[in-house]
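The values are calculated or read from the model by the stated rules, or taken from the named source; none is laboratory data. These numbers were taken from a predicted model, which means no experiment stands behind them. So basically every Cβ, Gly included, is an ideal-geometry build from the backbone, and we count neighbours across all protein chains shown.
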Amino acid sequence: MGTLNERIEAGEVIILDGAIGTELERRGAPMNTEAWCARVTQDTPDLVREMHEDYIRAGADVITANTFSAARHVLEAAGLGDAVAEINTRAVELAQEARDRVAADRPIAVAGSISTYVSGNSGFQHPQGKPPPEQARAAFREQAGLLVEAGVDLLVMELLMDWEMASAAMEEAVATGLPVWVGFGCRMAGDGETVLMHNRGTDIPFAGLIDSILNIGGSVVGVMHTKVDDISPALEVVFEHWSGPVCVYAESGDFVTPNWQFDDIITPEDHAEKAAAWVESGVQIVGGCCGINPEHIAELKQRLPSHAGTPRRA
């Protein structure tokens, strides 16, 4: 088995893990109104490690450290400003420990997550709760540096939703020199256009932002934190604007700050059926986001083909 990059270049299907924050919640960890799942790394590290181990056993080739909501501007709002380095570093260590415990026979990549999540009741919402631009940039630079120092294999940019924060996060991530996977959250607007997730006051067309972000960099482009039924229209936009490897990790359920609502979660079988269609269309990396657990990942491992189809590009 080759390295992750060699497998991607060969067109192999790569299995990503599933939800991190909502999976920790499903296992009993309390979510924090300001920092969501970040402080679980401090409070119950064994739970975090066990979650990673379960994803590896399910077949994941890539596991994601619990750093989605661990940037300084988020942690400071939760009174954890003094623990930024500790939380980010320990989150990576827990993923590495899980890999070393249960995956001695195959390579597992550890991804560091950086997102445009903001603290407080606004949660994922923009523009409410956004820090000043220079504060956000400094936080992204700090977090990217901490994740690199801790030894992640790649950076996953998650929930990029507007130019200001997304461009700052991307520039700081690309500057590290690590592979950068770019994840956009999308939804269908009332007129049927694919727009970016959670900008409820102003719909931002996905097609209007993607080129600007990808001009900064990135080695993989993905649709994430997106309802299953909205994935295919979003992929059409991706294939129109990107010729490299494509990733999908959909969500199932709904978010009411700070808790995920596990209502009508898609079954592992139905999720795998949808994923098989995405792979046939050219998606190469598949996992899950909020609401998707190790059972879903195990089903992907069993049912997805070894190689992705050829995408129909514009």
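Observations on the model:
- Odd one out for R187 among (1) charged (D, E, K, R); (2) within 26 Å of V84 (Cβ to Cβ); (3) in a strand (DSSP E or B): (2)
- Segment 274-314: number of residues that are of a type in the set (D, E) and either touching a Gly at 6+ places or on another chain (Cβ under 8 Å) or in contact (Cβ under 8 Å) with a residue 40 or more places away in the chain (or both): 2
- Verdict on A173 being touching a helix residue (DSSP H, G or I) at 6+ places or on another chain (Cβ under 6 Å), at pLDDT 95 or above and either under 19 Å from T64 (Cβ atoms) or part of a strand (DSSP E or B) (or both): yes
- Among the residues of segment 1-34, those that are assigned to a loop (DSSP other than H, G, I, E, B), β-branched (V, I, T) and at pLDDT 95 or above comprise V13, I20.
- Selected residue [within 19 Å of the chain's Cα centre (by Cα), farther than 24 Å from V248 by Cα and not in a strand (DSSP E or B)] from T67, T41: T41
- Residues (of a type in the set (K, R) and under 19 Å from G145 (Cβ atoms)) located in segment 84-104: R90
- Of the criteria (1) part of a loop (DSSP other than H, G, I, E, B); (2) out of contact with any His (no Cβ under 8 Å at 6 or more places or on another chain), which one W278 fails: (1)
- For first residues located in segment 77-100 and within 14 Å of A139 (Cβ to Cβ), partners that are surrounded by 20 or more Cβ atoms within 10 Å (Cβ to Cβ) and of a type in the set (G, A, S) and lie 6+ apart or on another chain with Cβ distances below 6 Å form the pairs A77/S119; A78/A35; I87/A38; I87/A70; N88/A70.
- Note on segment 105-124: residues that are at pLDDT below 95 and crowded, with 19+ Cβ neighbours inside 10 Å amount to 6.
- Complete set of residues in segment 286-314 that are touching a strand residue (DSSP E or B) at 6+ places or on another chain (Cβ under 7 Å), under 14 Å from A60 (Cα atoms) and surrounded by fewer than 24 Cβ atoms within 10 Å (Cβ to Cβ): K301, L304, S306
- Qualifying residue in segment 201-208 (condition: surrounded by 15 or more Cβ atoms within 10 Å (Cβ to Cβ), touching a helix residue (DSSP H, G or I) at 6+ places or on another chain (Cβ under 8 Å) and of a type in the set (F, W, Y)): yes
Yes/no per residue for (1) in contact with a Cys (Cβ under 8 Å, 6 or more places away or on another chain); (2) over 27 Å from R106 (Cα atoms); (3) surrounded by fewer than 18 Cβ atoms within 10 Å (Cβ to Cβ):
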| position | (1), (2), (3) |
| --- | --- |
| D17 | no, no, no |
| R57 | no, no, yes |
| F68 | yes, no, no |
| A71 | no, yes, no |
| A77 | no, yes, no |
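- Qualifying residue in segment 216-239 (condition: assigned to a strand (DSSP E or B), in contact (Cβ under 8 Å) with a residue 60 or more places away in the chain and of a type in the set (V, I, T)): yes
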